[in-house]
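I have placed the structure first, in the form of structure tokens, so that the comments after it can refer back to it.
The values are calculated or read from the model by the stated rules, or taken from the named source; none is laboratory data. All of these numbers come straight from a predicted model, not from anything done at the bench. Positions of Cβ are backbone-derived with ideal geometry, glycine not excepted, and every protein chain shown enters the neighbour counts. Side chains included, ligands, DNA and RNA excluded: accessible areas come from the protein's heavy atoms. Shrake-Rupley method; radii C 1.70, N 1.55, O 1.52, S 1.80 Å.
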Amino acid sequence: MTDVGRHPNIKMLTMSEVVGIKGYVGNFKVEILKRARYVDESECTACGDCVKVCPVVRSDEFNEGLSSRKAIYSPFPQAVPSSYLINVNECLGHNPSVCSKCLDACDKKCIDFQMSDEKIVEEIGTIIVATGLEPYDPKELDEYGYTRYENVLTSLEFERLVNAGGPSQGEPIRPTDRKTPKSVGFIQCVGSRSARRGSEYCSNTCCMNTVKSSLVLKEHYPDIDIKVFYVDIRAFGKGFEDLYMRSKRYGVQYLRGLPGTVEELDDSSLRVAVENTATGKVEYHDLDMLVLALGMKPAKSTQRLQEMLGLQLNPDGFYLEAHPKLQPVDAATRGIFFAGCAEGPKDIKESVTQASAASVRAIRLMHKGEISAEPITSEIIEENCKFCGKCAEVCPYNAISLNKEKKIPASVNTAACSGCGTCAAECKFDAIIMNHFTDDQINSQTDAMLVEEPESKIVVFACNWCSYAGADYAGVSRFQYPPNARLIRTMCSGRVDEKFIMRAFEKGAPVVLVSGCHIGDCHYIDANKWTEKRIIKLQGKLEKIGIRPERLQLEWISAAEGMRFADVMRQMEDLRKSVSSEEIAETIEILENRKK
Amino acid sequence: MQVKSMTSADSEKQARIGVYVCHCGLNISKTVDCAKVAEVSKELEYVVEAKDIAYACSEPGQKEIVDGIIDNDLDRIVVASCSPRLHEPTFRQMLQKADLNPYMLEMANLREQCSWVHMSEPEAATRKALDLVKMSVSRAALLWPLFEETLPLTKRTMVIGGGVAGIQAALDLADNGYEVVMVEKNPSIGGTMAKLDKTFPTMDCSI
Ligand code: SF4
Ligand code: SF4
Ligand code: SF4
């Protein structure tokens, strides 16, 4: 930690939050709000003279409220920066006549009540999001009597208790009588792995944290009686099973089953009722102290930052990586990376590993000092633009700007455009050219495919990242399927214009399949939601004009679903066989009549 | 901006296409009649040269293609081989060596999406391969050169969050000579980690 504080290349802004971000990879402009500390960070020597005179006593957040601090304080002994700060809401004396005792006590005169919040703007090339976690709050549902019984602690409170620098100098005392407990119970999965309480996912670290805590206790107090109530112990990491076994050898009892109720007894100890699922019997255990192994939640700032940066979250609320295997620390937006629990619950080793990976990914992007933009971007034909604004609405990267009122046509910021082609597919006025995937280029493929025996062929539009890759994977796995489909590759399924599909039907295609990444996995944030809308709408339109809507299919196939790709190809072939030459001829006629 | 002036008609007029059908050893040629595909491709519009090649991506394979480009004054090519997801970067680089724009390339996927998935149907697979090449040739005729834009970049990283992950990322970057701005909402960095006593699996202290 201190290395960060004194590193010449690191500018550390504490008490600060990002409030605005503009720009794109390589050229972000970030607005930061730095709240006033009221103590000069560079001058304060952390002598602590001010603390002695401050009359305000408040509970100490760092020790989870188990000890107290003053209104002027240092967050914790090893804090970086070490400078003290004033909590202005607690301080009596913005007005020196009221208190200002600390002002007099500070020889170096580094306390300044006039200090104010600052707005700082930084020019930034890449961003690493390491916003961490929020522990699950057991107060919400009064889990296991946490709000009612003093001797029910959270795992974080327990950490502070057994910490030599903590409120009890490392003595694991019982809050009610300040005596060393004879028995301690740990309850696992508080706020994790439950659809009703907290979250459904596994928080990944609480099992091992409890194993660790049990060892810490046993090492100092071999006679202490420890019981762990669990669903199943997940000791999957390197060296983890070893620790778990060690804790068992020390006599820690692991009881399978989560307590149903917790009651306080007259001596403030706790009676736990639990169905031991190993024996199927309800058991009662009296314990001096209970520790709740809290799960992790995404940090509170997650959603705000997600909106500001245009990132995605997974269903659990953590940041979603660009690809779970190939780009596990990259955001889908170029130039943004994830490290630590922001991306999902993980332990320290994993966090550190991911952080190093993220920094290398950032360096890889920056080391040349310039950045090349893929030329597969869209371009506006200004004369055709009717200022409708549709393209700007659908672009997942906010790469298009225009002014409807002033009739300034759309323009594409090529650095921000990632080339999904959704804008070109949605523009009703043919005002957008998608480079390397132009209307003509794509239609020419359809035409060439359907020159001979169109009735025997299936036209498949496949996105580069998922469904085309899934087809490749079917090949690598040698999954055999009927040879009737021909794939047309686009970067994103969002590129597939209604016109392309109608063109295929006009040329005699019996079946058209549009395929892309699963919803939520789109390589272009959420461009495929426009694909879905478009296809559903078009199916309705086909029905109206007398073309069987089933002949247009939409399937989501991931890069890993080679088997599914082969299955889908078989389904498509069955569907194709159901389309007669008469039906095709009729379709062609319908479409030709509509043109006239 | 790349192309506004260049209509597809312009590029069609000039198109001189070479088609190279790769055997990939036996990977493709065991199922697809590569020589026939090359033969038929010769008759397609804009195609100046069409050949089958043992291994297109190998050194000699690439040389054969580059020679073909130079000898026939080709301005774009179709490589009918494996998936573009595999070798598109290879052949784009090769085009640069032959003084062509790397985007004047189209690939037909005869391996992952044809020979490997229709192994017991050589004739149907060959017909499909022909279609795939035809599709690629007509698309290739409409390609135009594209140029990568180079943009300036600020060599500076913002790390949002000063917990264990943020600290590690900041130090790695800073030690590599990059400037870092670390933004932490609390008065001290350290995050959740700083509150922990011992940490598993090593059971040593966290700070
Ligand atoms: S969708 Fe087309 S017409 Fe509408 S603003 Fe965009 S470019 Fe212009
Ligand atoms: S191609 Fe995609 S990313 Fe680019 S401007 Fe259009 S919608 Fe936005
Ligand atoms: S280019 Fe592709 S198909 Fe041809 S030899 Fe190389 S790997 Fe095989």
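May I ask you to verify whether B:VAL32 is touching a residue at least 60 places away in the same chain (Cβ under 8 Å), more than 16 Å from ligand 2 (Cβ to nearest atom), part of a loop (DSSP other than H, G, I, E, B) and in contact with a Ser or Thr (Cβ under 7 Å, 6 or more places away or on another chain)?
Judged against the criteria, B:VAL32 is a match.
Consider the range B:144-168. How many of its residues are over 23 Å from A:ALA416 (Cα atoms) and in contact with a strand residue (DSSP E or B) (Cβ under 9 Å, 6 or more places away or on another chain)? First the steps, then the outcome.
Step one: filter the range B:144-168 for residues over 23 Å from A:ALA416 (Cα atoms), giving B:161-168.
Of the ones still in play, those that are also in contact with a strand residue (DSSP E or B) (Cβ under 9 Å, 6 or more places away or on another chain) are B:161-163, B:165-167.
Count: 6.
Can you tell me which residue is nearest to A:SER578 (Cα to Cα) among those in the range A:498-554 that are touching a Lys or Arg at 6+ places or on another chain (Cβ under 8 Å) and not hydrophobic (A, V, I, L, M, F, W, C)?
Keep residues of the range A:498-554 that are touching a Lys or Arg at 6+ places or on another chain (Cβ under 8 Å), which gives A:498, A:505, A:509-512, A:519, A:522, A:542, A:545.
Going one step further and asking which of them are not hydrophobic (A, V, I, L, M, F, W, C), we end up with A:498, A:510.
Details: A:GLU498: 23, A:PRO510: 9 Å.
My answer is A:PRO510.
Does A:CYS102 meet the test of being assigned by TED's automatic domain parsing to the domain that holds A:SER68 and buried (at least 22 other Cβ atoms within 10 Å of the Cβ)?
On the way: assigned by TED's automatic domain parsing to the domain that holds A:SER68: yes; buried (at least 22 other Cβ atoms within 10 Å of the Cβ): yes.
So A:CYS102 passes the test.
Being within 27 Å of the chain's Cα centre (by Cα) and either open to solvent by less than 20 Å² (accessible area, probe 1.4 Å) or more than 18 Å from A:ALA373 (Cβ to Cβ) (or both) is the filter here; which residues of the range A:397-414 pass it?
Of everything in the range A:397-414, those that are within 27 Å of the chain's Cα centre (by Cα) and either open to solvent by less than 20 Å² (accessible area, probe 1.4 Å) or more than 18 Å from A:ALA373 (Cβ to Cβ) (or both) turn out to be A:ALA399, A:ILE400, A:THR414.
Could you pull out the residue among A:LYS529, A:LYS499 that is within 16 Å of ligand 1 (Cβ to nearest atom) and within 19 Å of A:CYS427 (Cβ to Cβ)?
It is A:LYS499.
Restricting attention to the range A:375-410, and to residues there that are charged (D, E, K, R) and under 14 Å from A:GLY494 (Cα atoms), which single residue is farthest from ligand 1 (Cβ to nearest atom)?
From the range A:375-410, those charged (D, E, K, R) are A:379, A:382-383, A:386, A:390, A:393, A:404-407; that's our starting set.
Keeping just the survivors that are under 14 Å from A:GLY494 (Cα atoms) gives A:390, A:393.
On the way: A:LYS390: 4, A:GLU393: 8 Å.
Here the residue is A:GLU393.
Just for the range A:333-364: of the residues that are among the hydroxyl-bearing types (Ser, Thr, Tyr) and surrounded by fewer than 22 Cβ atoms within 10 Å (Cβ to Cβ), which one is nearest to the other protein chains (Cβ to nearest Cβ)?
If we take residues in the range A:333-364 being among the hydroxyl-bearing types (Ser, Thr, Tyr) and surrounded by fewer than 22 Cβ atoms within 10 Å (Cβ to Cβ), then A:SER356 is nearest to the other protein chains (Cβ to nearest Cβ).
Output the residue which, of all residues in the range A:42-62 that are without any contact (Cβ under 8 Å) to a residue 60 or more places away in the chain and assigned to a helix (DSSP H, G or I), is surrounded by the fewest Cβ atoms within 10 Å (Cβ to Cβ).
If we take residues in the range A:42-62 being without any contact (Cβ under 8 Å) to a residue 60 or more places away in the chain and assigned to a helix (DSSP H, G or I), then A:LYS52 is surrounded by the fewest Cβ atoms within 10 Å (Cβ to Cβ).
Any residue in the range A:516-527 that is among the β-branched types (Val, Ile, Thr) sitting within a Cβ distance under 8 Å of a residue that is within 16 Å of ligand 1 (Cβ to nearest atom)? List the pairs, counting only those 6 or more apart or interchain.
Note: pairs meeting the criteria are A:ILE525/A:PRO396; A:ILE525/A:TYR397.
Since B:THR192 meets every condition but one in (1) over 30 Å from A:GLU219 (Cα atoms); (2) open to solvent by 30 Å² or more (accessible area, probe 1.4 Å); (3) not assigned by TED's automatic domain parsing to the domain that holds B:VAL37, which condition does it not meet?
With respect to (1) over 30 Å from A:GLU219 (Cα atoms); (2) open to solvent by 30 Å² or more (accessible area, probe 1.4 Å); (3) not assigned by TED's automatic domain parsing to the domain that holds B:VAL37, B:THR192 is out only on (1).
Residues of the range A:531-560 being within 16 Å of ligand 2 (Cβ to nearest atom) and crowded, with 24+ Cβ neighbours inside 10 Å, which ones?
A:THR531
Here are A:ALA71, A:ALA79: which of them is without any contact (Cβ under 8 Å) to a residue 12 or more places away in the chain and open to solvent by less than 40 Å² (accessible area, probe 1.4 Å)?
A:ALA79
Go through B:GLU39, B:GLU43, B:GLU64, B:GLU88 for me and flag whichever is charged (D, E, K, R) and either open to solvent by less than 30 Å² (accessible area, probe 1.4 Å) or not assigned by TED's automatic domain parsing to the domain that holds B:ALA129 (or both).
B:GLU88
Would you list the strands (runs of 3 or more DSSP E) that sit entirely within the range A:166-270 and hold 1 or more residues that are among the hydroxyl-bearing types (Ser, Thr, Tyr) and within 27 Å of A:LEU133 (Cα to Cα)? Walk me through it before giving the result.
On the way: elements: A:183-190, A:225-230, A:253-256, A:259-264.
It comes to A:225-230.
Tell me which of these A:SER467 doesn't satisfy, since it passes every other one: (1) in contact with a strand residue (DSSP E or B) (Cβ under 6 Å, 6 or more places away or on another chain); (2) within 16 Å of ligand 2 (Cβ to nearest atom); (3) more than 11 Å from every other protein chain (Cβ to nearest Cβ); (4) within 23 Å of B:GLU112 (Cα to Cα).
(2)
Tally time: how many residues in the range A:149-164 are facing chain B (nearest Cβ under 9 Å) and of a type in the set (Gly, Ala, Ser)?
Total satisfying the criteria: 1.
Sort out for me the strands (runs of 3 or more DSSP E) sitting completely within the range A:369-413 that have 1 or more residues that are closer than 21 Å to A:LEU309 by Cα and near ligand 2 (Cβ under 9 Å from one of its atoms). Lay out the reasoning, then the answer.
Values: elements: A:370-373, A:378-380, A:400-403, A:408-412.
Strands (runs of 3 or more DSSP E) meeting the threshold: A:400-403, A:408-412.
Go through the range B:157-201 and give me each residue that's modelled with pLDDT under 90 and hydroxyl-bearing (Ser, Thr, Tyr).
B:THR192, B:THR199 - these are the residues of the range B:157-201 that are modelled with pLDDT under 90 and hydroxyl-bearing (Ser, Thr, Tyr).
Would you point out the residue of the range A:415-435, among those that are open to solvent by 10 Å² or more (accessible area, probe 1.4 Å), within 14 Å of chain B (Cβ to nearest Cβ) and not acidic (Asp, Glu), that is nearest to ligand 3 (Cβ to nearest atom)?
Filtering first and then ranking leaves A:SER418.
Can you give me the ranges of the strands (runs of 3 or more DSSP E) entirely in the range B:68-172 with at least 1 residues that are facing chain A (nearest Cβ under 10 Å)?
Once the strands (runs of 3 or more DSSP E) in the range B:68-172 are filtered for at least 1 residues that are facing chain A (nearest Cβ under 10 Å), what remains is B:105-109, B:149-152, B:156-160.
In the range A:564-596, which residues are basic (Lys, Arg) and over 22 Å from A:VAL460 (Cα atoms)?
Filtering the range A:564-596 down to residues basic (Lys, Arg) leaves A:564, A:570, A:576-577, A:594-596.
Listed by number, the residues that qualify are A:ARG594, A:LYS595, A:LYS596.
Residue check, A:LYS457 against (1) facing another protein chain (nearest Cβ under 8 Å); (2) without any contact (Cβ under 8 Å) to a residue 24 or more places away in the chain; (3) among the charged types (D, E, K, R), all met but one. Which one?
(2)
In this structure, is B:ASP204 of a type in the set (D, E, K, R), open to solvent by 30 Å² or more (accessible area, probe 1.4 Å), facing chain A (nearest Cβ under 7 Å) and over 17 Å from A:VAL30 (Cα atoms)?
Spelling it out, it is not the case that B:ASP204 is of a type in the set (D, E, K, R), open to solvent by 30 Å² or more (accessible area, probe 1.4 Å), facing chain A (nearest Cβ under 7 Å) and over 17 Å from A:VAL30 (Cα atoms).
Restricting the search to the range B:100-121, which residues are open to solvent by 20 Å² or more (accessible area, probe 1.4 Å) and over 20 Å from A:SER467 (Cβ atoms)?
B:LEU100, B:ASN101, B:PRO102, B:MET119, B:SER120, B:GLU121
Could you go through the range B:186-200 and let me know if any residue there is assigned to a strand (DSSP E or B) and either within 7 Å of chain A (Cβ to nearest Cβ) or acidic (Asp, Glu) (or both).
Yes: one or more hits.
Would you check which residues across the range A:1-41 are assigned to a loop (DSSP other than H, G, I, E, B) and free of Cβ contacts under 8 Å to residues at least 40 places away in the same chain and list them?
Scanning the range A:1-41 gives A:HIS7, A:PRO8, A:ASN9.
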